[in-house]
Amino acid sequence: MRTLAAATLAATTALVLMTSGTGAYAAADDQPATPATVLAAHCGDARIDATAPVITRENILIHGPLRTIWKIQTDVEKWPTWQPDVVTVVQDTPGPLRPGSVFRWTTQGLNITSTVKKVEHDRCLAWGGPAQGITAIHVWTFTPTRDGVLVHTEESWTGAPVDADQAALQAALDNSLHNWVDNLKHEAEAQAAAQ
């Protein structure tokens, strides 16, 4: 079932990109790119650890303005208002997120300190940091299409707890990112409808 859902999502993502009129190309070879390549290419030098034992990727099409989606995602202290799994967030670095910004948050029993690695306004956001022995790198990209915004996220986990129970932590991260993009879509589309 999960394989079928992933294949359906990949086909939908490809269709959205082909019909979006964005003319997306992979920066490295200037050839038409696959959806995964297009989305990852927007992050510049901010990337997940491709050798990590736990990696999750999620895509979702959100029917709403990019500025709304970006504001919701980057206003970290408001995450608990729309993201039920996030209990608290404290932004240690005041102002808009930028490379070096630090925020501390609690989710799913993990106390996390995240440092922003990259921000390209309305295009890409990446952060990483430790959480109880797990080192995470989390990257988000936002691709406007004619039908909305295609949001892609990917995250990698490394560390002793991951090595000790890879299957359980893979399932936890899969569930977490799936819920995150669903909640982001719900919040953004609700705000867009109210405007």
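Return the total of residues in region 42-82 being within 18 Å of residue 181 (Cα to Cα), in contact with a helix residue (DSSP H, G or I) (Cβ under 6 Å, 6 or more places away or on another chain) and surrounded by fewer than 16 Cβ atoms within 10 Å (Cβ to Cβ).
Total meeting the criteria: 1.
What number goes with the only condition from (1) surrounded by fewer than 15 Cβ atoms within 10 Å (Cβ to Cβ); (2) under 22 Å from residue 89 (Cβ atoms); (3) free of Cβ contacts under 8 Å to residues at least 40 places away in the same chain that residue 136 does not pass?
Residue 136 satisfies all of (1) surrounded by fewer than 15 Cβ atoms within 10 Å (Cβ to Cβ); (2) under 22 Å from residue 89 (Cβ atoms); (3) free of Cβ contacts under 8 Å to residues at least 40 places away in the same chain except (1).
Output yes when any residue across region 108-127 is of a type in the set (Gly, Ala, Ser) and in a strand (DSSP E or B), and no when none is.
yes
Quick check: anything in region 94-101 farther than 28 Å from residue 195 by Cβ, crowded, with 16+ Cβ neighbours inside 10 Å and at pLDDT 95 or above?
No, region 94-101 contains no residue that is farther than 28 Å from residue 195 by Cβ, crowded, with 16+ Cβ neighbours inside 10 Å and at pLDDT 95 or above.
Please work out if residue 151 is within 17 Å of the chain's Cα centre (by Cα) and hydrophobic (A, V, I, L, M, F, W, C).
yes
Which condition does residue 116 not pass, out of (1) surrounded by fewer than 19 Cβ atoms within 10 Å (Cβ to Cβ); (2) at pLDDT 95 or above, if it passes all the others?
The failed condition is (1).
Restricting region 102-113 to residues that are surrounded by fewer than 19 Cβ atoms within 10 Å (Cβ to Cβ) and touching a Ser or Thr at 6+ places or on another chain (Cβ under 8 Å), which is nearest to residue 70 (Cα to Cα)?
102
So residue 151 ticks every box in (1) more than 19 Å from residue 56 (Cα to Cα); (2) crowded, with 21+ Cβ neighbours inside 10 Å; (3) among the β-branched types (Val, Ile, Thr) but one. Which box is left unticked?
With (1) more than 19 Å from residue 56 (Cα to Cα); (2) crowded, with 21+ Cβ neighbours inside 10 Å; (3) among the β-branched types (Val, Ile, Thr) applied to residue 151, the lone miss is (1).
The values are calculated or read from the model by the stated rules, or taken from the named source; none is laboratory data. It should be emphasised that the depicted structure is a prediction, and the values quoted were computed from it without experimental measurement. With ideal geometry, Cβ positions are generated from the backbone for all residues, glycine too; neighbour counts draw on all protein chains shown.
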